[in-house]
């Protein structure tokens, strides 16, 4: 009996640690119908962030943000289709029909400088090719950019997959990466993010 009690408290302790763990979701701002929590269901549209795996309803101060309101995080107004990274705690719940939905309780966010739909390179002094890529991603920077640049590659869940102080030329081996959307961050005093598609 004592072991069962210790096991129960161990599970409770570790689940609380997990619940307080913040993660970063990288995706685009969308508007989705709100889940039905009461009967009768009050229809509405709320803001969410969508990545290549899920949709997370945005919650600030335990409240969803309705689409007829401005979406303001960290004093920055975000619009539908803006590409962002949102940091917060993920909650999974069920509506009155027992359909599962996810929400992210926001603690912070930052806008990415390129729209998730825009595949243009935001830095004229940087060449990134091929994009989409299936094996190797090549990056060439002009010397005036490479001297003070730092490069990072994130997957769509915000996990850091690669980082490096840059030289004028760099190749990232993408062979062991899963297919999907990645974000190449180039920080040379002004942060720019480029959407990369892994085929």
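Okay, here's what the table says:
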{"read-out": "Under 19 Å from the residue 54 label point (7 Å along Cα→beta-carbon), backbone N, segment 70-102", "value": "84-102"}
{"read-out": "Virtual spin-label span in nm between residue 157 and residue 127, 7 Å along Cα→Cβ", "value": "3.5"}
{"read-out": "Ascending count of other beta-carbon atoms within 10 Å, so fewest first, for 54, 70", "value": "70, 54"}
{"read-out": "Efficiency of FRET between residue 62 and residue 138 - r from beta-carbon atoms, R0 35 angstrom, step 0.05", "value": "0.15"}
{"read-out": "Extension gain (nm, one decimal) between residue 168 and residue 197, 0.36 nm per residue minus Cα-Cα", "value": "8.2 nm"}
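Values in this text are rule-based calculations from the coordinates and carry no lab data. Keep in mind the model is a prediction, meaning the values are calculated, not measured. Because the Cβ atoms are built from the backbone with ideal geometry, glycine has one as well, and the counts that use them run over all protein chains shown.
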